[in-house]
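K.L.:
Quick one: structure below, then a few questions.
We did not get these values from a lab; they are worked out from the coordinates using the rules stated. Since the structure is predicted, the reported quantities are computational estimates derived from the model, not experimental observations. Because the Cβ atoms are built from the backbone with ideal geometry, glycine has one as well, and the counts that use them run over all protein chains shown.
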Amino acid sequence: MLSALLFPFAAAFFLSMALTPFTISFARKFKLVDDPKTHKHPAVIHKKPLPRAGGIPIFLAIVLAMILFLPDDKTFLSIIAAGALVVIIGVLDDKYDLSPYVRFLGNCICAAIVVFSGVEIPFITNPLGGILSFTNFSFSFLSITFTSSTLLAIAWIVWVMNMLNWSKGVDGQMPGIAVVSAVIIGIASLRFPIITQNNIYTSQLSFITAGASLGFLFYNFYPAKIFPGYSATILGFMLGVVSIMSSVKLATAVLVMGVPAADALFTITRRILSRKSPFWHDKGHLHHLLLAQGLSQRVIALFYWLMSLLLGFFALNLSSRGKLFAIILVVVFVGAFILTLKLFGKSAEEG
């Protein structure tokens, strides 16, 4: 069983490592570059132009490893097709800075592609006992039938895509979180009394995602040679999909990504209360506040990785009710931490 996971992981890792230098050259040639002199983004912290489009080597490594180790069934083919669209939209954004509303619509379409291939959430475990079913409600729109399970699955995948995309404020932050999260989800996929072939495939896909992300991380850790860019939203897409495929281990996924998820939740709330669009960027994320206190990019990235690792350990060992209480604690802790930094620390604008 171990070799069935390590070989896909290693293949994706080495493919990503090998493909990233070519992507750096490709990005420079076609001007997929983040230049702080021309890219007027409030959260830009780098001083010199750096290539973007980090999602390209990650996605290619994932696809090649999937071809090597996974069957060509409808679900996996839909993941490849939707993933390709994720990366295309991301590369266009890396080049032209698309409207966030266009990107959001694209994310919804990509999520819908895999959901309507069968990646749904028919139920979740009720932390208070029993299960919560999502198969009773349905409606049709444009000759497409939507159920509560398909809507929930689409919303979940889009949420993870956007949430993780907001967690790339410092070098190495995003791919490191993805590595830990994918490994934890992959392990959780096999923690059943009876392990099916689907569990094994899902775990392999999780480890493939982890390997591709780790290979890219070697070039993205501070000082970065390449940025993830919006095309790296493919990582959030993959994590959203595999967390559903792993027999609905959503609580595990929520907990292991608890810190960036809570930060995203407070960011959306803050922007709405300030009468601003939740899609438009600013310097109010937790990593921006930590930068303002003088912490280095490496320390902040390591903080996020270690928190994901710690919460992932709890996620693998807690009951459903325990995970619910842990998620609540994480939200409270992150909220209190952000509030403390805002009230008593240096502001991101000062930093």
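K.L.:
Which one, LEU164, LEU15, LEU306, has the greatest fluctuation when you compute a Gaussian network model over the chain with C-alpha springs under 10 angstrom?
P.N.:
Looking only at LEU164, LEU15, LEU306, the largest GNM fluctuation is found for LEU306.
K.L.:
Given bins 10 angstrom wide, list per bin the percent of all Cα-Cα distances in the stretch 2-253, short to long.
P.N.:
Reading upward from the zero bin: 8, 32, 35, 18, 6, 0.
K.L.:
Once amide H atoms are placed 1.01 Å from N in the peptide plane, what residues at a sequence separation of 5 or more from ASP34, or on another chain, have their amide H within under 5 Å of its amide H?
P.N.:
LEU50, ARG52
K.L.:
What does the stretch 215-351 give for Rg and for Dmax, in Å, if only its C-alpha atoms count?
P.N.:
16.0, 46
K.L.:
Still on this structure, I have one more. When the chain is fully extended, how far beyond the present Cα-Cα distance does PHE344 get from VAL299, taking 0.36 nm per residue of separation?
P.N.:
14.2 nm
K.L.:
Cα atoms only: what Rg and Dmax, in Å, come out for the stretch 265-305?
P.N.:
When restricted to the Cα atoms of the stretch 265-305, Rg and Dmax are 12.0, 33 Å.
K.L.:
Here is a follow-up. Given points 7 Å out from each Cα along the Cα-Cβ axis, report the ASP72 to ARG28 separation in nanometres with one decimal.
P.N.:
Modelled inter-label distance: 3.7 nm.
K.L.:
Taking 41 Å as R0, compute the FRET efficiency from the Cβ-Cβ separation of ARG275 and ALA81 and round it to 0.05.
P.N.:
In this case the efficiency is close to 0.60.
K.L.:
Right, another one. Could you work out the relative contact order of the chain, using alpha carbon pairs under 8 angstrom and six or more residues apart, expressed as a whole percent?
P.N.:
This gives 24 percent for the chain.
K.L.:
Let me ask you something else. 222 nm [θ] for the chain, helices only, -39500 (n - 2.57) per DSSP H run of 4+, per residue, to 500?
P.N.:
The helix-only estimate for the chain comes to -22000 deg cm²/dmol at 222 nm.
K.L.:
Shifting gears a bit: On the Cα set of the stretch 167-255, report Rg and Dmax in Å, please.
P.N.:
Cα-based Rg and Dmax for the stretch 167-255 come out at 13.5, 45 Å.
K.L.:
Further question on the same structure: Starting from the Cα of ILE268, move 7 Å in the Cα-to-Cβ direction to define the label point; list residues of the stretch 165-198 whose amide nitrogen is under 15 Å from there.
P.N.:
165-167
K.L.:
Another question, then. If packing is taken as the average count of other Cβ atoms within 10 Å, what order do 97-109, 149-161 fall into, highest mean first?
P.N.:
Going from most to least packed, we get 149-161, 97-109.
K.L.:
Follow-up. So for the pair PHE313, SER3, with labels modelled 7 Å out along Cα→Cβ, what separation do we get in nm?
P.N.:
Computed distance between label sites PHE313 and SER3 equals 3.1 nm.
K.L.:
Apply the Karplus parameterisation 6.51 cos²θ - 1.76 cosθ + 1.60, with θ equal to phi minus 60°, to every residue of the stretch 224-232 and state each ³J(HN,Hα) to the nearest whole Hz, in sequence, with x for glycine and proline.
P.N.:
The phi angles translate into 5, 9, 8, 9, x, x, 5, 5, 6 Hz.
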